[in-house]
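Peer 1: Got a structure for you, questions after.
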Amino acid sequence: MPSRPALHEAEQKARGHCRGEQRGTAIPRHRVDVRLVLGALWMAMLFVFAYVDIFAFFRKDVLRAALDGRIFPERRSRFTRVRTAALLYI
């Protein structure tokens, strides 16, 4: 006669749900590698930054400043520039 845990798993398989699955769903739950999730989030963030940067050039003032060679507006202090560069470096 099979042991109780083996019998319990057989009963669960017969009912259609075993470890890794929730009741009422036919799709088994799979573990996703953390590196894959972090990589996908990083790529999504980079696409958002690219999207914002590209569409910023549709503003006349941003385009004119870039063509004139001005990256930072004059109203920002040196501390703000250094802080921004440090954040981008990190």
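The values are calculated or read from the model by the stated rules, or taken from the named source; none is laboratory data. Values in this document were obtained by computation on a predicted structure and should not be read as measured data. Here the Cβ is made from the backbone with ideal geometry for all residues, glycine too, and neighbour counts use every protein chain on show.
Peer 1: Just one of (1) in a loop (DSSP other than H, G, I, E, B); (2) within 21 Å of the chain's Cα centre (by Cα) trips up ARG70, so point out which.
Peer 2: (2)
Peer 1: Taking the stretch 21-58, which residues are modelled with pLDDT under 90 and farther than 30 Å from ARG70 by Cβ?
Peer 2: Matches in the stretch 21-58: GLU21, GLN22, ARG23, GLY24, THR25, ALA26, ILE27, PRO28, ARG29, HIS30, ARG31, VAL32.
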